[in-house]
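The values are calculated or read from the model by the stated rules, or taken from the named source; none is laboratory data. Quick caveat: nothing in here was measured; it's all calculated off a predicted structure. Here the Cβ is made from the backbone with ideal geometry for all residues, glycine too, and neighbour counts use every protein chain on show. Each accessible area value is taken on the protein alone, full model and side chains, heavy atoms only, with ligands, DNA and RNA left out. Shrake-Rupley method; radii C 1.70, N 1.55, O 1.52, S 1.80 Å.
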Amino acid sequence: MAASDKKHKLLFAVGLLLFLTGFGILSFFGVRKICREVHKYKLMKENAVIEISSVDIKAPVLEGTDKEILREGAGHFTDTGGFGKGNYCIAAHSSVIYKVYFNSLKKVDIGTEILLYDKDKNKYRYKVSEKFIVNPDETWILKDFGDDRVTLITCTDDGTQRLVVVGLLCKD
């Protein structure tokens, strides 16, 4: 066998090995992404859902705000309002480490529509009325203000403060 034939076979084998490795890596991440999406839609089918279509937010809302809940989706502060009643407070991560449900919350403008669906998929429509930053220890945002609102909370980009978006219930 000529030296050039050996070289071609070696290059072919190396190329094939690199191709298969790349294919394997891409397949792993593709399957992982598909599994996450299937899990997300299962959670949205079984739980409340928040949707802000103008900034591409659609997330399941689970009860509670502990680490495990916020790894799965958005979390409802259990001692706050109900659907269409009081101050219904929701927190979610805006991080590349966990689910990125509220990453684009900072793009929300005053007047933006927020839709909230309960487990039976009844729709509650809110309009953003306020957007501001607080320190993590400022829990007054969770209190009842005598109106019907949704309060959305996430970390600022540097994680030191909290972005708060308030939407008032539309009575139509």
Using the heavy atoms of the protein chains and a 1.4 angstrom probe, tell me the accessible area per residue for the chain in square angstrom.
-> 61 Å²
With charges set only on the Cβ (+1 for Lys and Arg, -1 for Asp and Glu), what does the dipole of segment 34-172 come to about its Cα centre, in debye to the nearest 20?
-> 400 debye
Let me have the 222 nm mean residue ellipticity of the chain computed from DSSP H runs of 4+ only, each contributing -39500 (n - 2.57), with the sum over all residues rounded to the nearest 500.
-> -10500 deg cm²/dmol
Within the accessible area of the chain (1.4 Å probe), percent carbon and sulfur = 60 percent
Grab every C-alpha pair in the chain, bin the distances at 10 angstrom width from 0 up to the longest one, and report whole percents.
-> 10, 33, 26, 10, 7, 6, 5, 2, 0
Using the Karplus curve 6.51 cos²θ - 1.76 cosθ + 1.60 with θ = phi - 60°, work out ³J(HN,Hα) for each residue of segment 9-19 in order, rounded to whole Hz, and write x for Gly and Pro.
-> 5, 5, 5, 4, 4, 5, x, 4, 4, 5, 4
Quick one: Karplus J couplings for segment 37-48, per residue in order, coefficients 6.51, -1.76, 1.60, θ = phi - 60°, nearest Hz, x for Gly and Pro?
-> 5, 4, 5, 4, 5, 5, 4, 5, 6, 9, 10, 5
